[in-house]
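Here the structure is laid out as structure tokens; the discussion comes afterwards.
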Amino acid sequence: MRFCMMLLAGTLTFFALKAEAQEASAEEISRMLVTDLSPTGAMETGQWFTDPPVPETGAIGLGIIYVHVPGSAGTVSIHAGIFLLYPTGWSINHEITGLFGMSPSNAVFYDDRIEVTTTTLGPYDPRCCPSVATRWSIDVTNGVATQLD
């Protein structure tokens, strides 16, 4: 089962790409992302992706949130993590470094990496309006994101 959850300004939209139950509620996932990733204890928006559980390795999740930069006029910072599902619930395994962009989408889970697309600034884009689709590879062993294109 693969799930995508979008968190927007306190409103949670949940997309199930297969009609199966998730191990944690949308509210629990939202709370976990803020607790584990947010330096301010809040978030403006976020995304949650999971891959189907595999008996040998369990389940893996990718959480990405955007946090308002205190004192700024609407600027946000990105914070992301790789999460693993244990019998007791989801737990952060690695914080992700090197990931940039907005509107994460198209997460694909492989044995050694997670690939995801974000929208980044093009050479003539104003800061408000990124327009370039950028693909990232995130190493699941250390959380390092590398730009693919």
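The values are calculated or read from the model by the stated rules, or taken from the named source; none is laboratory data. Given the structure is predicted, the values throughout are model-derived calculations rather than measurements. With ideal geometry, Cβ positions are generated from the backbone for all residues, glycine too; neighbour counts draw on all protein chains shown.
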### Message
What's the total number of residues in segment 113-149 that are among the small types (Gly, Ala, Ser) and in a loop (DSSP other than H, G, I, E, B)?
### Response
3
### Query
Quick check: is even one residue across segment 86-109 of a type in the set (A, V, I, L, M), over 13 Å from Ala59 (Cα atoms) and in contact with a Leu (Cβ under 6 Å, 6 or more places away or on another chain)?
yes
### strands (runs of 3 or more DSSP E) wholly inside segment 1-112 that include at least 3 residues being at pLDDT 85 or above and either closer than 17 Å to Thr141 by Cα or polar (S, T, N, Q) (or both)
45-50, 59-68, 76-86, 89-96, 102-109
### Task
Identify all residues within segment 97-149 that are surrounded by 16 or more Cβ atoms within 10 Å (Cβ to Cβ), more than 12 Å from the chain's Cα centre (by Cα) and among the hydroxyl-bearing types (Ser, Thr, Tyr); write none if there are none.
Thr119, Thr120, Thr134, Ser137
